[in-house]
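The values are calculated or read from the model by the stated rules, or taken from the named source; none is laboratory data. These numbers come from a predicted model, not from an experiment. Using ideal geometry, Cβ is built from the backbone for each residue, glycine included, and neighbour counts are taken over all protein chains shown. Side chains included, ligands, DNA and RNA excluded: accessible areas come from the protein's heavy atoms. Shrake-Rupley method; radii C 1.70, N 1.55, O 1.52, S 1.80 Å.
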Amino acid sequence: MKKNNLLISVCVCFGFVFICCSGSFAQTGFVNPNTQPNNPRQVHNSPPYVAANKNNNTNKNTTTIASNTVNIAKNDLPEIMAIANNEQITRKDVVNESLRIFGDKILKDLVKRTLVEIECRRRNIVITQADINAEVLRLAKAFNFSTSDWLELIERERGITAEQYMQDIICPILGLAKLAGDNQVTNEDLQRAYESKYGASVQVRQIVLRSKRDAQQVHAQVTANPESFPTVAKNSSVDPASQPYGGLIHPIRRYSIDKAIEDVVFSLREGQISPIVEWGTDNYIVFRCEKHLPSQNVDINQIRKRLEIQILDEKTRKASEIFFEKLLKNAKIEKVFGDTLRMSQKPGVAAIVNDHPIAIELLANLCVRRYGNEVLGDMINRLIIVQECRKNKIVINEQDIDMEIREMAIKNLPLKENGSPNVELWMKLAMEESGMTAQVYRTNTVFPMLALKRLSKEGVQITNVDLQRSYESNFGEKVRCLAITFEYSEHRRAIEVWNMAKMNPNENNFRELSEKYSSDPALRLSSGVIPLICKHAGDPELEGVAFKLQVGELSQIINVGDNLMILLCVGKEPASNVAFEDTKPRLIEDLLDKKQKLAVTLCYENLYKKSVILNYLASTKTENGTTQKFDPNQPAVRTANPNSTPVTPIVK
């Protein structure tokens with residue numbers, strides 16, 4: 001399945017990249033319904049959302065870009081979307097919430113897509129159903145799938161239907177290909193792509209620094225003592241991805257990264273330190289060559305079709321970037337959605353692109369099509385929390401949320417120079433990470449978390465046993481191990497590798513075995529290096545085995561969650577010479593935070609278990625914590641209750 005995920009990522013994600021955005025195109029009906037009369041899953045279509053030429057009589061066996069759109073607000077969605085503990089969530093609630101959270105994101109996609117559709121119409125570009133079918137078949141064959149298996153895989157792995165895939169991804173790709181011009185794959189392209197994936201490579205460690213002065217100091221240090229490179233990387237590198245692994249990164253191949261870096265690392269001998277490489281803005285890198293790896297024994301003819309698809313994708317992506325720059329430069333775009341004054345002046349319009357209006361109804365439809373299930377699930381979760389807050393007379397206001405955000409900033413960021421918490425930076429990071437607006441972050445993330453904290457506050461207690469275990473975990477003895485992991489189903493493979501390790505139980509052999517056989521990509525990359533194992537960290541079996549090992553001793557095969565693991569003890573770290581009383585305030589703070597998080601999780605689980613939830617969008621019923629499918633047409637309340645309370649994010 002991991003292979004399948006990669007294949008779908010290559011093909012599906014490309015469909016999103018083609019208009020330089022990361023959001024969904026949702027269901028916009030590129031395919032003329034007249035070309036699919038026997039399709040039982042045919043979507044409903046409404047008039048085009050980009051004004052069409054009424055005198056343009058397009059052949060019914062072809063479809064122009066933007067020939068149809070989908071209207072689902074009233075036709076496909078029930079009036080009552082969900083009932084949680086006898087309180088209703090209506091269609092209007094879900095539509096408004098979907099717009100509030102995802103409206104801006106989807107509108108950006110729509111604006112960009114509309115520009116493409118207008119240009120396609122201007123150039124009389126048409127895409128037939130036969131074109132779409134042929135492209136799907138080509139992609140499926142390239143990855144050794146039948147068309148039906150390919151479409152089922154996409155629907156299962158990426159959550160988009162076959163119709164969405166064909167209309168919202170394949171059709172626009174074909175349209176854009178015609179707009180951007182034909183791209184050809186040359187033999188030179190194939191050779192470069194082959195070498196970038198299967199050619200010789202260099203395994204290196206890196207130290208990334210922000211100033212040339214720091215880089216010069218570190219370079220002198222590791223040049224004098226190359227063996228110290230992993231330790232210096234852990235202590236000095238600013239790259240969060242490689243720092244924990246002593247600077248170790250994926251092997252570098254030709255044509256896979258900046259040519260200047262490739263030239264440097266390929267010129268290094270094993271164990272040699274590179275000169276300082278200046279890359280980008282304020283990035284100074286020092287490399288150490290670990291080893292040169294030979295090219296893989298893969299016949300280029302066996303993967304030729306796959307490489308051709310990937311090369312064409314990349315060429316089209318680059319061509320589309322240039323194409324969109326030109327379109328955007330000359331476009332006249334007026335955003336209406338989100339602007340109260342403009343929305344009152346132009347009701348029903350979300351934006352106007354080159355005098356072509358985008359309907360607010362379409363925007364709402366696309367938001368619900370793409371995110372309706374997610375939004376409704378989140379609304380249900382918040383509703384049952386709100387219900388419990390009402391029951392316990394817990395009131396949370398805007399000031400409470402401000403204080404919670406302030407506490408998060410204090411815990412996670414350095415204070416400002418004046419000693420105040422850096423709330424602005426925390427909000428900036430939170431919004432970048434979540435993709436939410438500030439208001440959505442406050443109502444959909446901070447509010448439920450704060451509410452659950454208050455609901456579970458009385459259950460959080462710190463005992464002396466907790467303090468002692470925390471002290472041993474943080475300041476007690478630790479074990480340094482290398483590890484090899486396997487999927488639970490790979491029991492026979494685990495035994496074979498364990499025997500190979502037992503025959504030669506030294507560190508270098510174990511590292512090579514981990515690089516070759518570990519199911520965890522991070523372990524393969526780090527040559528089996530894992531964090532120090534301490535006591536009371538949450539896995540008693542693993543800790544018990546590790547602390548009994550002597551340096552150089554190999555463990556038995558261990559069950560760790562859903563995986564199997566083999567350990568090799570390579571060292572032990574003595575306990576820190578820190579008095580228990582000196583650490584007690586810090587331990588209490590840390591324990592309170594951890595116990596509060598656990599209490600919040602348990603509180604929500606208990607609320608969920610005692611709730612009765614009917615989700616008409618997903619056709620599921622949840623009772624006693626168990627979710628089952630049900631017939632949405634069974635007798636139930638399906639009309640809005642005028643006295644019901646909408647899902648309110650803030651309890652007032």
Output for region 462-502, where each listed residue is without any contact (Cβ under 8 Å) to a residue 60 or more places away in the chain and open to solvent by 90 Å² or more (accessible area, probe 1.4 Å): 464, 489, 492, 493, 496, 502
Based on what the data block shows, is residue 385 closer than 20 Å to residue 602 by Cβ, open to solvent by less than 80 Å² (accessible area, probe 1.4 Å), part of a helix (DSSP H, G or I) and among the β-branched types (Val, Ile, Thr)? yes
Among the residues of region 394-421, the number that are in a helix (DSSP H, G or I) and either open to solvent by less than 90 Å² (accessible area, probe 1.4 Å) or charged (D, E, K, R) (or both) is 12
Within region 197-232, the count of residues that are open to solvent by 30 Å² or more (accessible area, probe 1.4 Å), hydroxyl-bearing (Ser, Thr, Tyr) and closer than 27 Å to residue 306 by Cβ comes to 1
Please enumerate the residues belonging to region 306-342 that are exposed (fewer than 15 other Cβ atoms within 10 Å of the Cβ) and more than 19 Å from residue 109 (Cα to Cα). 340, 341
What about residue 551, is it assigned to a loop (DSSP other than H, G, I, E, B), touching a residue at least 24 places away in the same chain (Cβ under 8 Å) and either open to solvent by 40 Å² or more (accessible area, probe 1.4 Å) or among the aromatic types (Phe, Trp, Tyr) (or both)? no
Residues to consider are 528, 435; find the one that is within 30 Å of the chain's Cα centre (by Cα), open to solvent by less than 30 Å² (accessible area, probe 1.4 Å) and at positive phi. 528
Got at least one residue in region 97-113 being among the acidic types (Asp, Glu), out of contact with any strand residue (DSSP E or B) (no Cβ under 8 Å at 6 or more places or on another chain), open to solvent by less than 50 Å² (accessible area, probe 1.4 Å) and modelled with pLDDT of 90 or more? yes
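Would you confirm, using the coordinates I've provided, whether residue 537 is within 22 Å of residue 244 (Cβ to Cβ), in contact (Cβ under 8 Å) with a residue 40 or more places away in the chain and assigned to a loop (DSSP other than H, G, I, E, B)?
Criteria met by residue 537.
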Single residue of region 594-618 satisfying the filter (over 26 Å from the mean Cα position of the chain (by Cα) and assigned to a helix (DSSP H, G or I)) that is surrounded by the fewest Cβ atoms within 10 Å (Cβ to Cβ): 609
Quick one: in region 275-305, of everything that is closer than 23 Å to residue 202 by Cα and acidic (Asp, Glu), which residue is surrounded by the fewest Cβ atoms within 10 Å (Cβ to Cβ)? 299
Which residues, taken from region 122-139, are open to solvent by less than 30 Å² (accessible area, probe 1.4 Å) and of a type in the set (A, V, I, L, M)? 125, 127, 132, 136, 139
Pair list, Cβ under 8 Å, 6 or more apart: region 213-241 residue closer than 15 Å to residue 278 by Cα and among the acidic types (Asp, Glu), other residue open to solvent by less than 90 Å² (accessible area, probe 1.4 Å) and part of a helix (DSSP H, G or I): 214/236
For region 343-369, how many residues meet the condition of being open to solvent by 70 Å² or more (accessible area, probe 1.4 Å) and closer than 18 Å to residue 117 by Cβ? 3
Unique residue being touching a residue at least 40 places away in the same chain (Cβ under 8 Å), surrounded by fewer than 15 Cβ atoms within 10 Å (Cβ to Cβ) and out of contact with any helix residue (DSSP H, G or I) (no Cβ under 8 Å at 6 or more places or on another chain) when the list is 505, 521: 505
Look through region 554-569, keep the residues that are over 11 Å from residue 479 (Cβ atoms) and in a loop (DSSP other than H, G, I, E, B), and return whichever of them is most open to solvent (accessible area, probe 1.4 Å). 562
I'd like to check something: does region 570-589 contain any residue that is open to solvent by less than 70 Å² (accessible area, probe 1.4 Å), within 30 Å of residue 381 (Cβ to Cβ) and of a type in the set (S, T, N, Q)? no
In region 233-274, the residues that are open to solvent by 60 Å² or more (accessible area, probe 1.4 Å), among the aliphatic types (A, V, I, L, M) and under 23 Å from residue 199 (Cα atoms): 257
Of everything in region 159-192, what is farther than 26 Å from residue 124 by Cα, in contact (Cβ under 8 Å) with a residue 24 or more places away in the chain and either touching a strand residue (DSSP E or B) at 6+ places or on another chain (Cβ under 7 Å) or assigned to a loop (DSSP other than H, G, I, E, B) (or both)? Give them in sequence order. 160, 161, 185
Which condition does residue 475 not pass, out of (1) touching a strand residue (DSSP E or B) at 6+ places or on another chain (Cβ under 7 Å); (2) among the hydrophobic types (A, V, I, L, M, F, W, C); (3) farther than 30 Å from residue 206 by Cβ, if it passes all the others? (1)
